[in-house]
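Each reported figure results from applying straightforward, stated rules to the coordinates on display, with no laboratory input. Predicted model only: the values in this text are computed from it and were never measured. Neighbour counts run over all protein chains shown; Cβ positions are idealised from the backbone, glycine included.
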Amino acid sequence: MATDIKQQAGMAPGIAPGIAPGIAVVLVDPNSLTRDCFSLGLGTLCQDMTVRSVASLKDAAGVLARDGRTEVVLCNIGAQAGLNDVLCAAIRDAVSACLPVPLVLISDRDDGGMILESLRLGVRGYIVPSLGLGVMLEAIRLVAAGGTFVPATSLQSLIAPMPGGIAVPQTPPPGVPVPVTDRIGGLTPREMAVLTCMREGKSNKLIAYMLGMCENTAKAHVRNVLKKLGATNRTEAAFMAHAHLSRGAALESNQP
């Protein structure tokens, strides 16, 4: 049974607006206590936000079929030990069932490998307990606008150098080529430098400034990097680069 919670009275004092007014969210949580807490918290902090809470992904699919307003589906998977085959299959099915509505996971595990695998399964956001409700609202807004959300702390841990790993090269000085063995997925030296900037979270404008190119050229390099790696977005490309570092082996493209 779905429960609707809508807050019209405004936002709590001291809380900056989290998401655009009128956004509709479906929250999936089998635990009635946490389901009610999340629903009440989101509905209270965000003006004119509708949260429809359900107990299962099957119920969520039914809500989506009846209501075309939903912009984001949140799914609380709790303290899962990891992404086993059963959970992976369930997430993959959930992503397919929710399309084109993006799916965001709420998990007790702040695990880089689990986040990476979730992104590969099509999840568009990953929220952990260390984040407050205000950040959670911002994450929902980002995903609803077409982005992908990963906690900054998780991303930093993934892109940190690992002992014994192959270092992704920094921006090479003019005339100094990047060794072929240090390249990922067939990227050119210039694309490797762009990927390094992407892993550091730099915008296209800053990449252009750092590498001495125009912004349109930087955008073209970013598109080429994503295509060669088979990544759907910049965040996934950063994770894939980290996977290359941690394995110490050539990264295979997802493209056929």
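Observations, loosely collected:
- FRET efficiency, N224 to R69 (Cβ-Cβ, R0 51 Å, nearest 0.05): 0.85
- Between L27 and R52, S53, V54, L74, the built amide H atoms are under 5 Å apart, and every one of these is 5 or more places off in sequence or on another chain.
- Calculated from backbone phi, Karplus (6.51, -1.76, 1.60) coupling profile of region 136-148 in Hz, x at Gly/Pro: 4, 5, 5, 5, 5, 4, 4, 5, 4, 7, x, x, 10
- Evaluating 6.51 cos²θ - 1.76 cosθ + 1.60 at θ = phi - 60° for every residue in region 22-39, the Karplus couplings come out as x, 5, 10, 10, 10, 10, 10, 7, x, 8, 4, 5, 5, 4, 5, 5, 4, 4 Hz, glycine and proline recorded as x.
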